[in-house]
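Attaching a single structure in structure tokens format; questions to follow.
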Amino acid sequence: MGTVYKHSGLVALVGSSDVGKSSFLRQLAVSIALKKTDFIGSKLNVRYGRVIYLTTEDSQVTIKNLLKKQLPVTDPKELTGLCYIFNSDNPLKAIEEQLNVDKTDLVIIDCFADIFEGQMNDISSVRKYLNKFDKLGLEHECAFIFLHHNGKRTELSTDSNNIIGSQGFEAKMRMVMEIRKNGNGNNRQLYFTKGNYLPEDKKKKHWN
């Protein structure tokens, strides 16, 4: 067996449009920046309290407003460990520069489809591209989470094959999480559709 890097690895958060994927990731990022020990009922092993969040759709103004709306009682001064990168022309380089600034727990990329310039259905191209981020995570001992989208399909399926693009994306991920709407209300369910190191009883979890 090779060396196991428990702090690194690629993870995907997927789901349909407007299901709350970005809100979920912002909440996770803030929880890490605040060095909380728990997130939606699971233990957080925070080491540095720093998250790099690359967003392709939001600006500094919209993020400020979103954080204020989502976390009205949080003092912005407490979020010094939350580093945003906005609309970078070279995402990999921008992330690497920030990783060189200080030790980081997690890098969030929102979203994969906007930074990948190859053919989404080309397994070789997808894996080759993701390998660059995997290598970066190993070098800096931090994890990466990619926000990605599902294709049109039934909500009843628990198969990670619903992810848009080739199997190369899903295969490269150490874990795949999926957020789904729960009925017509605001409740959401979080499923673990792939988890290399998760026991069977942890493969399904609910987030309200």
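Considering only protein heavy atoms, what per residue accessible area in square angstrom results for the chain with a 1.4 angstrom probe? Intermediate values should be presented prior to the final figure.
Details: 11540 Å² over 208 residues.
So the chain comes to 55 Å² accessible per residue, rounded to a whole number.
Of Cys83, Cys111, Cys142, which is the most mobile in a GNM of the chain whose springs link Cα atoms less than 10 angstrom apart?
Judging by the Gaussian network model, the answer is Cys83.
Continuing with the same structure: If the elastic network links every pair of Cα atoms under 10 Å, which of Asp110, Asp58, Asp75 fluctuates the most in the Gaussian network model of the chain?
Looking only at Asp110, Asp58, Asp75, the largest GNM fluctuation is found for Asp75.
Given the options Asn87, Asn186, Asn131, which has the most mean-square fluctuation in a GNM of the chain, springs set between C-alpha atoms less than 10 angstrom apart?
In this elastic network of the chain, the residue with the biggest mean-square fluctuation among Asn87, Asn186, Asn131 is Asn186.
Something else: Take the cross-link list Lys35/Lys172; Lys35/Lys77; Lys36/Lys93 and give me the ones stretching past 20 Å between alpha-carbons.
Working: Lys35/Lys172 28 Å; Lys35/Lys77 14 Å; Lys36/Lys93 29 Å.
Beyond 20 Å between Cα atoms: Lys35/Lys172; Lys36/Lys93.
Determine the percent antiparallel among the DSSP beta bridges restricted to segment 1-138, to the nearest 5.
Given both bridge residues lie in segment 1-138, the antiparallel proportion sits at roughly 15 percent.
Hey, if you put +1 on the Cβ of every Lys and Arg and -1 on every Asp and Glu Cβ in the chain, which of Phe112, Phe24, His140 ends up farthest toward the positive end of that dipole?
Going by the Cα projections, it comes out as Phe24.
Here is a follow-up. Which percent of the accessible heavy-atom area of segment 73-184 goes to carbon and sulfur, probe 1.4 angstrom?
Using a 1.4 Å probe with all protein chains present, segment 73-184 comes out at 46 percent carbon and sulfur.
Additional query: Using θ = phi - 60° and the Karplus form 6.51 cos²θ - 1.76 cosθ + 1.60, what ³J(HN,Hα) does each residue of segment 71-85 get, whole Hz, x for Gly and Pro?
Computed from phi, the couplings for segment 71-85 are 10, x, 9, 8, 6, x, 5, 7, 9, 5, x, 9, 10, 9, 10 Hz.
A follow-up question, please. If you stretched the chain out fully between Ala171 and Asn196, how much longer would it get, using 0.36 nm times the residue separation minus the C-alpha to C-alpha distance? Don't skip to the end; give the middle numbers.
Numbers: separation 25, 0.36 × 25 = 9.00 nm, distance 1.06 nm.
Extra length from Ala171 to Asn196 when fully extended: 7.9 nm.
Ok, one more. Over 30 Å apart: what share of the alpha carbon pairs of the chain falls there, rounded to a whole percent?
The share of Cα pairs beyond 30 Å in the chain comes to 17 percent.
Next question. Output the Kirkwood hydrodynamic radius of segment 1-104, Cα pairs only, in Å rounded to one decimal.
Here the Kirkwood hydrodynamic radius works out to 15.2 Å.
Moving on to the next point. Go through 96-104, 12-20, 169-177 and give me the packing order, highest mean Cβ count within 10 Å leading.
The peptides rank, most packed first, as 169-177, 12-20, 96-104.
Can you tell me the mean projection area, over all orientations, of the convex hull of segment 53-103's alpha carbons? Units nm², please. Mind showing how you got there, number by number?
Working: hull surface 15.7 nm².
Its Cα hull, projected and averaged over all orientations, spans 3.9 nm².
The values are calculated or read from the model by the stated rules, or taken from the named source; none is laboratory data. Keep in mind it's a predicted model, so treat the numbers as computed, not measured. In this analysis, Cβ positions are derived from the backbone assuming ideal geometry, glycine residues included, and neighbour counts consider all displayed protein chains. Note: areas computed on protein heavy atoms with side chains; ligands, DNA, RNA excluded. Shrake-Rupley method; radii C 1.70, N 1.55, O 1.52, S 1.80 Å.
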